[in-house]
Amino acid sequence: MSGGREEGGYEPAAIEPRWRERWEEAGTNRARGDGRPKRYILDMFPYPSGAGLHMGHAEIYTISDVIARHARLQGFDVLHPTGWDAFGLPAEQYAIRHGVHPRTAVDRNVATFKGQMERMGWSYDWSREIDTTDPEYYRWTQWIFRVLYERGLAYEADVPVNWCEALGTVLANEEVIDGKSERGGHPVVQRPMRQWLLRITSYAQRLLDDLELVDWPESLKEMQRQWIGRSEGAEVTFAIDGHDDSFTVFTTRPDTLYGATYCALAPEHPLVATVTTPEQAEAVTAYVERAARRSERERMADVHEKTGVFTGAYAINPVNGERLPIWVADYVLMGYGTGAVMAVPGHDQRDHDFARAFDLPIREVVSGGDVTEAAFEGDGPHVSSGPLDGQDTPTAKRTVIALLEKAGQGRARITYKLRDWLFSRQRYWGEPFPIIHRADGETVLLGEDALPITLPQVARYEPTGTGESPLAGITEWVETTDPRDGSPARRETNTMPQWAGSCWYYLRYISPHCAERFVDESAEKAWMPVDVYVGGVEHAVLHLLYARFWHKVLFDAGLVSTPEPFQRLVNQGMITAPAYKRIEADASSTSRYIPPAEVTRRSDGTWVHRESGETVERVVMKMSKSAFNVANPDDLVEQYGADALRLYILFMGPPEDDKVWDHAGIHGITRFLHRLWRLVVGDSHGPAKPRSAAPAEGEARRLLHGTIAGMTRDMEQMAYNTAISKLMVMLNGMGELDAVPEEMLAAYLPMLSPFAPHVADELWSRLAETSDRFAGWASTAAWPTYDEAALVADEVELAVQVNGKVRGRLTVAADASEESILTDALALEGVVRALEGMQVTQRRVVPGRLVVLGAKPEPS
RNA sequence: GCCGAAGUGGCGGAAUUGGCAGACGCGCUAGGUUCAGGACCUAGUGGGAGUUACUCCCUUGUGGGUUCGAGUCCCACCUUCGGCACCA
């Protein structure tokens, strides 16, 4: 049989659009729900910014696409959807800047994104596309808020927010950098305002425990554990000398209670005002006011500078009746524990620092260190501690907790660092709350029939300057009536934060058009949980914790069937790129960086700006326009094709590793695709390889089955870089044959198709012109299987080691006996030389690999 | 400071988990082909030494250890990158 016809070479632009159309027409990317085993392959949906698709998107979505396409070849029914996380600040700011409605901006950006995503050949089921800003979507976001509210998990409270006077608005934490507004650099202060919060803290323990149920990177689980920050200890109640009031502290070291020499309250602690004596009032007031003015960031900046003021009051130590001075100190945080601490300078370094600064007594109650020098925070026998004397820390903790419980002055307690989730924003572009406030002060949750509460059309969506959302100014929207009795009421004018829509979007994909419920009940049971979730580690604590929280609430309400939403999680690494920096330029210079095209490498390895001759520094950094190091996926697709870009992204390294973009590297991939094209079709550099209908034999058969075996393992482990290298090795091997068995190509192209789907299907269809073996498409074929027996070679080469060093090589039949191998090995010239004057003490054959000989000098 | 991950050629990386370090690719060198540029093809490419068609030594951040044998296991240290950071 002859090879293909002579014709034009590999031209991705000529074939890629055609195949995408065919897949779309045939619906090959659709999830069927036909009862086959399922795989739900999800990636973190994009925020459709005005900047379009960047290389980070290209990486994450290529990874998830390869997982999805591979699963389809394995016969799974695959759900692989995408959509738009389109509420939030960036759309609003873009809209303000360009003077268009956020809706218009989002629609425009989505159109750009969708085109770019389609050009990458990602096999999304577009029939399930969702948009968090579509009222038919956020109706259900509001509906889930109702579930939270009805379960007592949503409440209003006065909490500090970031207030920027100059901009006249509240800012999100992301918009505050080092105590100043991101835009304009104006001062930002903490100011209490009425806000909605979600009681995520009541799920703290389960969010911690259920990390055991999921297959996530250990480092990411650890980040969530630290964020939740469970700590075991006790609370201890101190009476105040001469007052009826008392206060409670939280401590992880109740065993050191006999070593307490003072107590400290947070500046915001409600008792500060009551306990302060008249003589101290002026100093305390001044200190509290100063602390209030300092932002949280300022407070954190000078961590080691301990400040505080004595209130003049004394607390009574419940175990020994000692009078302990009560101080106010800003190293005590109102937001953690009880906002009050018992201070044990001998065994807590912070208290030690404070005691040294204010000349307070330091007492040793656990021996093992020198408390005059530094706090001893370790374990050891307790001393000067009454009934605890001689006990170690765990025992002393139990003893003292028992004592306190008996006296009614304390108990064991667990606290978490995790705070309740501040769930409202003073913004236009977010989900409205299904809440109204009656004139009589009652807060009313609107019924399901009122949903969706849609955003009104407005002329201005800029911040109002009053700290309220722009919605507050739209009288006809705000003023409403209570549907129960028609009495006047005002709508809640805060909106939900951007995280809300992404807390449950993975459920909506399952039944995106379901009108009766947020997710179809039986479809939910069929598809959940998400089998593989691919996304960036930047969402390690926020999105991934919030989504787990909502999911557990829905689970408790009997609305979903799994306790966790995302079974396996994969974090892709960040793609960075080299940039060239002027060494002399100061930070404010507008031209700190030189475009790579204007830079040349000197022979000594340094880099020089050709035009000016100045030496520049090569730095690897995040891609950014100002550093001229952005690689744009769209441009690369145009230049090299989607298949080449997909292959190259994965070939750079393992998915989870950070990668440095190297433009030159993609040429290797392009060459590979051209060689493959030439082998099958032929091009101007050579004709197609002759093909044979006969089965692969000998070396070719081993190459085929070895590649399938290796690829199968690599795909399972997501070792895509080595999988691609195996495809290169097999292609090189096929190139050396006189004729390529069609059997090899029939296995090769399906294995290539998850990575380079367009060219795989194109070549497959070319082959179909001359052979019946190539029915259908490579992308819809079955993943090939291999024969274990075909992996074994007839002859194997063994390395012969003497004391761990290779001294010879031996080619033997695969089934040669150990004895004959050893005999042959000992006769090898190099081995004989190495064994001169030596006595062989050990001989072993590692099958298929090497011969091990141990030897030591012969006794003389 | 605490927690986590990682250090392998000029570069990206590989090594079936204790068994021939450097697969595959980039880059580079030489030759071929081409009107030219590019593309393509062939060969070479960790370092060093020598008696240079061959042989030896060294080499996976550093220093020790276990083993016939260590990139891989153990101990100590160094560096880099992430996360947290007055959390009582």
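The values are calculated or read from the model by the stated rules, or taken from the named source; none is laboratory data. This one's a predicted model, so the numbers in the text were calculated from it and none came from an experiment. Backbone-built Cβ (ideal geometry, glycine too); neighbour counts: all protein chains shown. SASA here: full protein model, heavy atoms, side chains in, ligands and nucleic acids out. Shrake-Rupley method; radii C 1.70, N 1.55, O 1.52, S 1.80 Å.
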So A:Ala775, is it away from RNA strand B (no atom under 15 Å from the Cβ), farther than 26 Å from A:Gly8 by Cβ and modelled with pLDDT under 95: no
A careful count of residues in region A:478-502 that are open to solvent by less than 30 Å² (accessible area, probe 1.4 Å) and in a helix (DSSP H, G or I) gives 4
Go through region A:507-564 residue by residue and tally those that are open to solvent by 10 Å² or more (accessible area, probe 1.4 Å), among the hydrophobic types (A, V, I, L, M, F, W, C), part of a helix (DSSP H, G or I) and in contact with a Leu (Cβ under 9 Å, 6 or more places away or on another chain). 2
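Might you check whether a residue that is acidic (Asp, Glu) and within 11 Å of RNA strand B (Cβ to nearest atom) occurs anywhere in region A:814-824? Full working, then the answer.
As a first pass, look at region A:814-824 and keep what is acidic (Asp, Glu): A:815, A:818-819, A:824.
Filter once more, so that each one left must be within 11 Å of RNA strand B (Cβ to nearest atom): none.
No: zero hits.
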Any residue at all in region A:25-34 that's modelled with pLDDT of 90 or more, of a type outside the set (A, V, I, L, M) and touching a Pro at 6+ places or on another chain (Cβ under 9 Å)? no
Going by the conditions given, is A:Ala292 in contact with a strand residue (DSSP E or B) (Cβ under 6 Å, 6 or more places away or on another chain), of a type in the set (A, V, I, L, M, F, W, C) and surrounded by 14 or more Cβ atoms within 10 Å (Cβ to Cβ)? no
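Got at least one residue in region A:736-749 being within 13 Å of RNA strand B (Cβ to nearest atom), in contact (Cβ under 8 Å) with a residue 24 or more places away in the chain and in contact with a strand residue (DSSP E or B) (Cβ under 6 Å, 6 or more places away or on another chain)?
Of all residues in region A:736-749, those within 13 Å of RNA strand B (Cβ to nearest atom) come to A:736-737.
Filter once more, so that each one left must be in contact (Cβ under 8 Å) with a residue 24 or more places away in the chain: A:737.
So of that shortlist, the ones also in contact with a strand residue (DSSP E or B) (Cβ under 6 Å, 6 or more places away or on another chain) come out as none.
Within region A:736-749, none of the residues are within 13 Å of RNA strand B (Cβ to nearest atom), in contact (Cβ under 8 Å) with a residue 24 or more places away in the chain and in contact with a strand residue (DSSP E or B) (Cβ under 6 Å, 6 or more places away or on another chain).
So, A:Leu673, is that one over 21 Å from A:Ala68 (Cβ atoms) and more than 12 Å from RNA strand B (Cβ to nearest atom) or not?
Working: over 21 Å from A:Ala68 (Cβ atoms): yes; more than 12 Å from RNA strand B (Cβ to nearest atom): no.
Against the criterion (over 21 Å from A:Ala68 (Cβ atoms) and more than 12 Å from RNA strand B (Cβ to nearest atom)), A:Leu673 does not qualify.
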Which of the numbered conditions does A:Val189 fail, given that it passes all the others? Conditions: (1) touching an Asp or Glu at 6+ places or on another chain (Cβ under 9 Å); (2) buried (at least 18 other Cβ atoms within 10 Å of the Cβ). (2)
Quick test for you: out of A:Val796, A:Val845, pick the one residue that is more than 8 Å from RNA strand B (Cβ to nearest atom) and open to solvent by 20 Å² or more (accessible area, probe 1.4 Å). A:Val845
Report yes if A:Glu638 is more than 14 Å from RNA strand B (Cβ to nearest atom) and open to solvent by 10 Å² or more (accessible area, probe 1.4 Å), otherwise no. yes
Please work out which one of (1) in contact (Cβ under 8 Å) with a residue 40 or more places away in the chain; (2) more than 8 Å from RNA strand B (Cβ to nearest atom) is the condition A:Leu211 fails and give its number. (1)
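May I ask you to say which residue of A:Leu645, A:Leu727, A:Leu737, A:Leu650 is of a type in the set (A, V, I, L, M, F, W, C), open to solvent by less than 50 Å² (accessible area, probe 1.4 Å) and over 32 Å from the mean Cα position of the chain (by Cα)? Break it down into steps so the answer makes sense when it comes.
Values: A:Leu645 fails: over 32 Å from the mean Cα position of the chain (by Cα); A:Leu727 fails: over 32 Å from the mean Cα position of the chain (by Cα); A:Leu650 fails: over 32 Å from the mean Cα position of the chain (by Cα).
Step by step, each of A:Leu645, A:Leu727, A:Leu737, A:Leu650 is checked, and only A:Leu737 is of a type in the set (A, V, I, L, M, F, W, C), open to solvent by less than 50 Å² (accessible area, probe 1.4 Å) and over 32 Å from the mean Cα position of the chain (by Cα).
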Only listed residue being in contact (Cβ under 8 Å) with a residue 60 or more places away in the chain and either open to solvent by 70 Å² or more (accessible area, probe 1.4 Å) or not polar (S, T, N, Q) (or both), chosen from A:Gly465, A:Gly447, A:Gly473: A:Gly465
Output the helices (runs of 4 or more DSSP H) that fall wholly within region A:719-768 and possess 3 or more residues being of a type in the set (D, E, K, R), or say none. A:757-768
Restricting to region A:71-92, and then to whatever is farther than 22 Å from A:Trp504 by Cβ and free of Cβ contacts under 8 Å to residues at least 60 places away in the same chain, can you tell me which residue is most open to solvent (accessible area, probe 1.4 Å)? A:Phe76
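Quick one: which residue in A:Arg419, A:Arg460, A:Arg411, A:Arg427 is basic (Lys, Arg) and modelled with pLDDT of 90 or more?
Among A:Arg419, A:Arg460, A:Arg411, A:Arg427, only A:Arg411 is basic (Lys, Arg) and modelled with pLDDT of 90 or more.
Would you say A:Arg398 is part of a loop (DSSP other than H, G, I, E, B) and open to solvent by 20 Å² or more (accessible area, probe 1.4 Å)?
Working: part of a loop (DSSP other than H, G, I, E, B): no; open to solvent by 20 Å² or more (accessible area, probe 1.4 Å): yes.
Considered against the rule, which asks whether it is part of a loop (DSSP other than H, G, I, E, B) and open to solvent by 20 Å² or more (accessible area, probe 1.4 Å), A:Arg398 comes out as no.
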Identify, by number, the condition in (1) more than 7 Å from RNA strand B (Cβ to nearest atom); (2) assigned to a strand (DSSP E or B); (3) in contact with a Lys or Arg (Cβ under 7 Å, 6 or more places away or on another chain); (4) of a type in the set (A, V, I, L, M) that A:Val852 doesn't meet. (1)
When you scan region A:765-786, how many residues do you find that are within 24 Å of A:Leu650 (Cα to Cα) and open to solvent by less than 10 Å² (accessible area, probe 1.4 Å)? 1
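Could you grab me the full set of residues in region A:214-243 that are small (Gly, Ala, Ser) and near RNA strand B (Cβ under 9 Å from one of its atoms)? Reasoning before the result, please.
Keep residues of region A:214-243 that are small (Gly, Ala, Ser), which gives A:219, A:229, A:231, A:233-234, A:239, A:242.
The answer is A:Ser219, A:Gly229, A:Ser231, A:Gly233, A:Ala234.
Only one residue in A:Arg363, A:Arg356 is over 43 Å from the mean Cα position of the chain (by Cα), farther than 30 Å from A:Trp227 by Cβ and open to solvent by 60 Å² or more (accessible area, probe 1.4 Å). Which one?
Testing whether each residue is over 43 Å from the mean Cα position of the chain (by Cα), farther than 30 Å from A:Trp227 by Cβ and open to solvent by 60 Å² or more (accessible area, probe 1.4 Å) leaves just A:Arg363.
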Please go through region A:244-253 and pick out each residue that is open to solvent by less than 10 Å² (accessible area, probe 1.4 Å) and within 8 Å of RNA strand B (Cβ to nearest atom). A:Val249
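Does A:Ala355 count as in contact (Cβ under 8 Å) with a residue 40 or more places away in the chain, more than 8 Å from RNA strand B (Cβ to nearest atom) and not charged (D, E, K, R)? Walk me through how you get there before you give the answer.
Working: in contact (Cβ under 8 Å) with a residue 40 or more places away in the chain: yes; more than 8 Å from RNA strand B (Cβ to nearest atom): yes; not charged (D, E, K, R): yes.
It is true that A:Ala355 is in contact (Cβ under 8 Å) with a residue 40 or more places away in the chain, more than 8 Å from RNA strand B (Cβ to nearest atom) and not charged (D, E, K, R).
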Can you list residue pairs whose Cβ atoms sit under 8 Å apart, with the first residue in region A:670-686 being open to solvent by 60 Å² or more (accessible area, probe 1.4 Å) and the second being basic (Lys, Arg) and near RNA strand B (Cβ under 8 Å from one of its atoms)? Count only pairs 6 or more apart in sequence or on different chains. A:His685/A:Arg678
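Within the group A:Glu174, A:Glu218, which residue is at pLDDT 75 or above, under 21 Å from the mean Cα position of the chain (by Cα) and not basic (Lys, Arg)? Walk me through how you get there before you give the answer.
On the way: A:Glu174 fails: at pLDDT 75 or above.
It is A:Glu218.
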